[in-house]
Every structure is written in C-alpha cells, then in structure tokens.
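Below is one structure; the comments refer to it alone.
What follows draws every value from the coordinates through simple rules; no lab data is involved. Just so you know, these numbers come straight off a predicted model, no measurement behind them. Cβ: placed from backbone, ideal geometry, glycine included. Neighbour counts: every protein chain shown.
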Amino acid sequence: SQTIHQWPATLVQPVGSPLSLECTVEGTSNPNLYWYRQAAGRGLQLLFYSVGIGQISSEVPQNLSASRPQDRQFILSSKKLLLSDSGFYLCAWSRDIGTDTQYFGPGTRLTVL
Amino acid sequence: AQSVTQLDSQVPVFEEAPVELRCNYSSSVSVYLFWYVQYPNQGLQLLLKYLSGSTLVKGINGFEAEFNKSQTSFHLRKPSVHISDTAEYFCAVSGTGGSYIPTFGRGTSLIVHP
C-alpha cells in the first residue's frame, strides 16, 4: 500500500530564517506531487506541483520554492521566511492529474514569529 | 478558469439529524468533482468523487452527493450524522480542458452537537 510522510509535524521559526519541509511517498512510482498551504478560512492554496523529477510548476509567486530531487521526494524551501508564511502545509500525491484521487500527508504546522 | 464556492463556512447540526453541505462550481468545460474531509490537524481524505455516469455518487461513512449540471452544483448529504462527522469538508473541481489541477473551495466546518 502507498503511504505519504511529511516532516516535521510542527515548526516554529523566526522571521528571516530558512525553511525546508520534506515529503516522501512510498509504495508507488512516478507520482504527481503537490504542495498546498492552508490558512484559516481560506481553503487550500496550491503552491507547486510536479509531474516528474526536476519538473516543478509554480502556481503562486512568493518567496517559496520547491524541488524534486528524487522520484518520490518533494521539498518545500524558503531562504527567508515572512510572517505571512505561517500556515498548515500539506503534501499530496496522485497517479493521474485531474481524475485521480489526491492522497494527502499529515501536514506541517508552521508558525513564523 | 474553474472555481468552487462552498456557500456555508459553518454548519451546526444535532446528532442523528440530516445534513447538506453545499458546493457550486464554475467551469466552461466538463468537470470532475470531489469531496474531501479533514479531521483536526490531519491531512485530507477522499469521501467521494464524480467522474462520469450516474449523477448520484455514494461515498464512505454514509455520505452521498448529487451532480447537477444545470445548476452547476455538487451538494454533499448524509441522512443521519454522528458526533464523529465533526470535521472540515472541502469540495474540489478539476476540468477536462485547461487546468487539470483540482481547485478547492474554502471548506465548510460541520459541527455536530449531541
């Protein structure tokens, strides 16, 4: 069976510090991978998605970046965090884009102080 | 471009009562529709989805939804809710042309009171 992991589960960082969130998927190959941010009352905002190694599509311009160094690894990064980066970050995967179910990880709660 | 509107941000209901969570979408092409549930501090999990065929879709935990193309709606229903149904519910739409990436609504918080 497939599983998706995210870490850390919670993170408190000062403004201006760097960020690295990691997501890994087990039990499948060549998944489509997604990063979402969830802010209170604002639903899910798609940040990045990837259809393959080294292929990243950005949906929203911001100070975040994403990388996919391996088939089942997706990393969300920032060089300098802003207060507005606080939120709940969710990683997800799917076999196909559009018709297939997205499977979500447990999320990372990021607080920027 | 596609969009999703969840008309209610919060729906309070008593245990064993029926509930309907409303979702309307906007899209110029054929759509695929999803409902996900999120329990506190967890990721989302699929309740049900509509891809084609019968407009009445049955999902897990006794939930069902009906696709209404003329009203561009995909409302979620359950005839009798339980305390454990208290959660955030998200409607999502993806299109057959343009963006295949699902667009999510803002969510509806279902609060079931004893």
Practice item. Within segment A:78-112, work out how many residues are assigned to a strand (DSSP E or B) and farther than 14 Å from A:PRO14 by Cβ. Key: 12
Point to revise | Pairs where the first residue, in segment A:71-82, is under 15 Å from A:ILE4 (Cα atoms) and the second is of a type in the set (D, E, K, R) and surrounded by 19 or more Cβ atoms within 10 Å (Cβ to Cβ), C-beta under 7 Å, 6+ apart | key: A:PHE74/A:ARG68
Check your understanding: When you look at B:ALA65, is it crowded, with 17+ Cβ neighbours inside 10 Å, free of Cβ contacts under 8 Å to residues at least 60 places away in the same chain, under 20 Å from A:ARG37 (Cβ atoms) and not polar (S, T, N, Q), yes or no?
Key -> no
Study note, to complete from the structure: Of the residues in segment A:25-53 that are away from every other protein chain (no Cβ under 14 Å) and part of a strand (DSSP E or B), the one that is surrounded by the fewest Cβ atoms within 10 Å (Cβ to Cβ) is A:GLU26
Review point. If the Cβ limit is 8 Å and pairs must be 6+ apart or interchain, which residue in segment A:85-113 that is within 9 Å of chain B (Cβ to nearest Cβ) and aliphatic (A, V, I, L, M) pairs with which residue that is surrounded by fewer than 19 Cβ atoms within 10 Å (Cβ to Cβ) and in a strand (DSSP E or B)?
Key: A:ILE97/A:VAL51
Study note, to complete from the structure: From the option list B:VAL93, B:VAL81, single residue qualifying as among the β-branched types (Val, Ile, Thr), within 14 Å of chain A (Cβ to nearest Cβ) and crowded, with 21+ Cβ neighbours inside 10 Å is B:VAL93
